[in-house]
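Novice: Below you will find the structure I want to go over with you.
The values are calculated or read from the model by the stated rules, or taken from the named source; none is laboratory data. None of these values were measured; they are calculated from a predicted model. No Cβ is skipped: glycine too gets one built from the backbone with ideal geometry, and neighbour counts run over all protein chains shown.
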Amino acid sequence: MNWQEDYKKKQISIEMAAKLIRSGDTVAMGHSVGAPSVDIYNAILDRYEELQDVEILDVVQIRPCKLYDPEYMAKLQGHITYIPPFGVASIRKMYSSKLADYFPVSTYDSGDKISQRADVAIVMVTPPNNQGYINLGLADFYEMDTIRKGRASGKQRLTIAEVNDQMPVVYGNNWLHVSEFDYFIEHSSPLPVFGRSNPTEAEQTIAKHVLELIKDGDTIQMGIGGISEAVVAGLDGKHDLGIITEMLPLGLPQLIEKEVVTNSRKPFHKGVSIATFLMGDLALYDYARENPALELYPASYTNNPFFIAQHPNMVTINMSLMVDLSGQIASEGLGHKQISGPGGQLDFMIGSFYSEGGRGIILINAARMAKDVLSSSIVPELPPGMPVTVPRQFAQYVVSEYGIANLKYKTRRERALELIAIAHPDLRGELRAALKKNFYPDFNIGKQ
């Protein structure tokens, strides 16, 4: 049988695909734009009365769905459980309601861990090309590893592709053959789009501090949000930057047009920006389409700390919720309250730590207002139950709107003083008192 016949034979409807889910299955959906359409989610959820002990897993939830609605999911208990390894704002109510479980992974090992849990994988792809290969489009992340490792181990029972003719082909190690799938659903739907963030005044101040740490020829990684947008806007005047990242920055096309990013000094993939997924506006998707200067790879490649470390002057930039005075970095939740997951933060922090000239940068707002009380994001100790995302031995730079703390070669005492210096001015006295009481009762820390 040739691939065209194989492809035609495997075509099914959304309703037929939903009926293939069995009680006890774990269903892994694709990442962000690579997740299937809401129609597929809803077709599975609508069968909940027929199912028991089904789990659904996805990451970076960008299509509104009743899977993220606590009121709806409350009636599905015992039938369908949601187990996201990473969440965005749309599912924080699910975490708060305790109706969602949490599956701990980092970006680097996500494909391996999900492959050993998923009985069914469902991803969105492009139509097949003339050789019978389909492209994962805008999200390679864990999809390729989940499918190939899951099938190789015998764990994965079904692999289903939703074929969307609106998904762009993106180059890189981003191809799978028709023969690697059990079923195909042809369903055209618009891709979710996102505008660029407007940085706040505090975010712009933090970005200015970050820009002090970026030099010509650096290879950079950064996440999404207002601070990233402010950093991108401030890179004019830099030269020969390279990109190896988890998510491509939305301003990448402009940086390449201005020759700020050339990827010319990287030891690998010269002239090419590499990532594992991207999401943004239609202009970014059009830029990515069949562009030889941009390639996507599985996260097991892009986020491999040993690969990252082989890039000299690797600069990684990520947000955090809280840092304690010894340098422990917490980015996933507040106490036992899950907010998100580690993503690739630890992967890139380890990689930059061992990179020659590398700089791992953690960004925090010095304080937050909760119930009319100003609370410091730099604390003597983390609250009970709060997960540590980056152990203190990999802490390097911490940046707030009040400055830069350099922790890499510092003792615990020196780290505490560095961090207090970038805390909110109104809260530094409390931090000095806590330092003296808890760590160094005989140490005169003065009024630094």
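Novice: Filter the stretch 132-151 down to the residues that are of a type in the set (G, A, S) and closer than 16 Å to V178 by Cα, then identify the one that is surrounded by the fewest Cβ atoms within 10 Å (Cβ to Cβ). I'd like the intermediate steps shown before the answer.
Specialist: Our first condition is that a residue be of a type in the set (G, A, S); within the stretch 132-151, this holds for 132, 137, 139, 150.
Narrowing further to those that are closer than 16 Å to V178 by Cα: 132, 137.
Working: G132: 14, G137: 28.
Filtering the stretch 132-151 for residues that are of a type in the set (G, A, S) and closer than 16 Å to V178 by Cα, the one surrounded by the fewest Cβ atoms within 10 Å (Cβ to Cβ) comes out as G132.
Novice: Say we look at the stretch 281-327 and pick out the residues that are assigned to a helix (DSSP H, G or I) and buried (at least 24 other Cβ atoms within 10 Å of the Cβ); which of these is nearest to the chain's Cα centre (by Cα)? First the steps, then the outcome.
Specialist: Filtering the stretch 281-327 down to residues assigned to a helix (DSSP H, G or I) leaves 282-288, 299-302, 305-309.
With the extra rule that they be buried (at least 24 other Cβ atoms within 10 Å of the Cβ), the set shrinks to 288, 299, 302, 308.
Numbers: A288: 19, A299: 10, T302: 12, I308: 16 Å.
Selected residue: A299.
Novice: Right, another one. Filtering the stretch 87-105 down to residues that are hydrophobic (A, V, I, L, M, F, W, C) and assigned to a helix (DSSP H, G or I), which residue is farthest from Y142 (Cα to Cα)? If you could, list the steps in order and put the result at the bottom.
Specialist: At the first step, the residues of the stretch 87-105 found to be hydrophobic (A, V, I, L, M, F, W, C) are 88-89, 91, 94, 99-100, 103, 105.
Within this subset, residues satisfying the condition of being assigned to a helix (DSSP H, G or I) are 89, 91, 94.
Details: A89: 21, I91: 20, M94: 23 Å.
Taking the candidates together, the pick is M94.
Novice: Please state which one of F277, F181, F194 is outside the structural domain of G351 (by TED's automatic domain parsing) and within 30 Å of G132 (Cβ to Cβ). Give the derivation first.
Specialist: Numbers: F277 fails: outside the structural domain of G351 (by TED's automatic domain parsing); F194 fails: within 30 Å of G132 (Cβ to Cβ).
After applying the criteria, what remains is F181.
Novice: A further question on this structure: Would you pick out the residues in the stretch 55-77 that are more than 25 Å from the chain's Cα centre (by Cα) and farther than 20 Å from K19 by Cβ? Break it down into steps so the answer makes sense when it comes.
Specialist: First pass over the stretch 55-77, keeping only residues more than 25 Å from the chain's Cα centre (by Cα): 71-72, 74-77.
Residues satisfying the conditions are E71, Y72, A74, K75, Q77.
Novice: Then there's this: Among the residues of the stretch 221-244 satisfying the criterion of being outside any loop (DSSP other than H, G, I, E, B) and without any contact (Cβ under 8 Å) to a residue 40 or more places away in the chain, which is surrounded by the fewest Cβ atoms within 10 Å (Cβ to Cβ)?
Specialist: We begin by selecting, within the stretch 221-244, every residue outside any loop (DSSP other than H, G, I, E, B); these are 221-222, 226-233, 241-244.
Applying the additional criterion that residues be without any contact (Cβ under 8 Å) to a residue 40 or more places away in the chain yields 226, 229-230, 232-233, 241, 243.
Numbers: G226: 18, E229: 21, A230: 21, V232: 22, A233: 15, L241: 26, I243: 23.
By that ranking, first place goes to A233.
Novice: Looking only at residues in the stretch 55-86 that are of a type in the set (S, T, Y) and part of a helix (DSSP H, G or I), which one is farthest from K113 (Cα to Cα)?
Specialist: Here is the first cut: in the stretch 55-86, the ones of a type in the set (S, T, Y) are 68, 72, 81-82.
Among the residues that remain, those that are also part of a helix (DSSP H, G or I) are: 68, 72.
Details: Y68: 23, Y72: 28 Å.
This residue is Y72.
Novice: A further question on this structure: Could you tell me which numbered condition K93 fails, if it satisfies all but one of (1) more than 28 Å from V169 (Cβ to Cβ); (2) within 17 Å of the chain's Cα centre (by Cα); (3) not acidic (D, E)?
Specialist: Tallying (1) more than 28 Å from V169 (Cβ to Cβ); (2) within 17 Å of the chain's Cα centre (by Cα); (3) not acidic (D, E), K93 fails exactly one: (2).
Novice: Sort out which residues of the stretch 355-374 are out of contact with any strand residue (DSSP E or B) (no Cβ under 6 Å at 6 or more places or on another chain) and farther than 28 Å from I243 by Cα, and write them in order of number. Show your work before the answer.
Specialist: Keep residues of the stretch 355-374 that are out of contact with any strand residue (DSSP E or B) (no Cβ under 6 Å at 6 or more places or on another chain), which gives 356-357, 365, 369-373.
Once the filter is applied, which keeps residues that are out of contact with any strand residue (DSSP E or B) (no Cβ under 6 Å at 6 or more places or on another chain) and farther than 28 Å from I243 by Cα, the stretch 355-374 yields M369, A370, K371, D372, V373.
Novice: Are there any pairs, at least 6 apart or on different chains, whose C-beta atoms fall under 8 Å, with the first in the stretch 5-19 and within 18 Å of V125 (Cα to Cα) and at pLDDT 95 or above and the second assigned to a helix (DSSP H, G or I) and of a type in the set (S, T, N, Q), and if so, which?
Specialist: Once the first residue is within 18 Å of V125 (Cα to Cα) and at pLDDT 95 or above and sits in the stretch 5-19, its partners that are assigned to a helix (DSSP H, G or I) and of a type in the set (S, T, N, Q) give D6/S179.
Residue-by-condition table, conditions (1) surrounded by fewer than 20 Cβ atoms within 10 Å (Cβ to Cβ); (2) closer than 20 Å to K337 by Cβ; (3) hydrophobic (A, V, I, L, M, F, W, C):
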residue: E55; (1), (2), (3): yes, no, no
residue: Y68; (1), (2), (3): no, yes, no
residue: G78; (1), (2), (3): yes, no, no
residue: S96; (1), (2), (3): yes, yes, no
residue: S110; (1), (2), (3): no, no, no
residue: P127; (1), (2), (3): yes, no, no
residue: N130; (1), (2), (3): yes, no, no
residue: R157; (1), (2), (3): yes, no, no
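Novice: Same structure again: Could you say which residue among G172, G150 is within 15 Å of A299 (Cβ to Cβ), at pLDDT 95 or above and of a type in the set (G, A, S)? I'd like the intermediate steps shown before the answer.
Specialist: On the way: G150 fails: within 15 Å of A299 (Cβ to Cβ).
Criteria check complete, one pass: G172.
Novice: Moving on. Among the listed residues P36, P64, which satisfies the condition of being at pLDDT below 95 and not hydrophobic (A, V, I, L, M, F, W, C)? Before the answer, list the steps.
Specialist: Numbers: P36 fails: at pLDDT below 95.
That would be P64, the only listed residue that is at pLDDT below 95 and not hydrophobic (A, V, I, L, M, F, W, C).
Novice: Another question, if that's okay. From the list L67, L51, pick out the single residue that is in the same structural domain as D140 (by TED's automatic domain parsing), among the hydrophobic types (A, V, I, L, M, F, W, C) and touching a Leu at 6+ places or on another chain (Cβ under 8 Å). Give the steps one after another, and end with the answer.
Specialist: Details: L51 fails: touching a Leu at 6+ places or on another chain (Cβ under 8 Å).
One residue alone meets the criteria, L67.
Novice: Filtering the stretch 32-54 down to residues that are outside any helix (DSSP H, G or I) and farther than 19 Å from R22 by Cα, which residue is farthest from the chain's Cα centre (by Cα)?
Specialist: Initial filter on the stretch 32-54 (outside any helix (DSSP H, G or I)): 35-37, 46-47, 51-54.
Subsequent filtering for residues that are farther than 19 Å from R22 by Cα retains 35, 37.
Values: A35: 14, S37: 20 Å.
Looking at the filtered set, the residue picked out is S37.
Novice: I'm trying to understand the selection: among the residues of the stretch 331-360, which are surrounded by fewer than 24 Cβ atoms within 10 Å (Cβ to Cβ), under 18 Å from I404 (Cα atoms) and among the hydrophobic types (A, V, I, L, M, F, W, C)?
Specialist: Passing the criteria: only F353.
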